[in-house]
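The values are calculated or read from the model by the stated rules, or taken from the named source; none is laboratory data. This one's a predicted model, so the numbers in the text were calculated from it and none came from an experiment. Please note: Cβ atoms are built from the backbone with ideal geometry, for glycine as well, and neighbour counts cover all protein chains shown.
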Amino acid sequence: MTLLWYIGIIAAATIAAVFASMMGIGGGVFYTPIQLFFGIDIHQTATTSLVLIAVLSITATLVYKGAKKVDWNLALVLETTTASGSLIAGYTSKFIPALALEILLFITLAITGITMIWPKKTSVHRHPRSKAWYCWNRIRGGHSYSVNLLLALPISFVAGMISAFVGIGGGIIKVPMMALILGIPMVIAVATSAFMVGITALAGFMGHLAAGHFNWQLCLVLIPGVFIGAHVGAKIMLKIHPRHLKRIFGAVVLLIALTLVHRFI
């Protein structure tokens, strides 16, 4: 590998980390294509991506923790149901045609992107507090909101299934789910998702590690850039207006969806 190759892949991973950290997603949708573009073997890309996701999650979470934006209890509850959905989908996905899964991914990303860019017509109104037994009243980072558990638990379960079916990080689905459907403030949704994706990534990494798919040299090269990018992205997120953050998120998701169109032609 040439010096130019190393500079290119480090720069790409660092920039990807900035955007991923800003949006509360792991960044796997960026890291894997980047590695493939630079000629990394497909069997190693997933493991390296999971390591980078974990690094990004830890870095961003530390920044968001300092700003008191992570809803720890909510993250643990949602992650439990998400993991359950992922487990079931991981087993049953073999019974579903690949094309059907790709179409599901495209539809999911397209709807998510549109609703994040134009949230006023599609988002659920937020109710700061509720006395209903199924509503979990939360106060975090100067925000007061109520989480409808009758919606949150099954939707989180489905989000986990979709993530496992199509092989994408849960953050790209969890953030819109929390912000649009559950009415959680965008900054809390992003920060909480950033923590959650790290848990998922670490679990997946252990499985790949057991299989021997681990390029530790490449990880050592990319980790410093991802660490810096994640820190910068998290700092930027805390300063962006929630409305602008939603639109940035939506635009990136739509761009990812459009890259899938050629697979259906």
Counting only helices (runs of 4 or more DSSP H) wholly inside the stretch 167-265, the ones holding at least 3 residues that are surrounded by 15 or more Cβ atoms within 10 Å (Cβ to Cβ), among the hydrophobic types (A, V, I, L, M, F, W, C) and at pLDDT 85 or above are 186-211, 216-239
In the set Ala12, Ala20, the lone residue that is surrounded by 16 or more Cβ atoms within 10 Å (Cβ to Cβ), within 23 Å of Arg243 (Cα to Cα) and not hydroxyl-bearing (Ser, Thr, Tyr) is Ala20
Scanning the stretch 27-49 for residues that are buried (at least 19 other Cβ atoms within 10 Å of the Cβ) and modelled with pLDDT of 80 or more, the one farthest from the chain's Cα centre (by Cα) turns out to be Gln35
**Asked** Is it true that some residue in the stretch 51-58 is farther than 13 Å from Thr14 by Cα and modelled with pLDDT of 90 or more?
**Response** yes
Practice prompt. Report whether or not Val70 is surrounded by 20 or more Cβ atoms within 10 Å (Cβ to Cβ) and assigned to a helix (DSSP H, G or I).
Written response: no
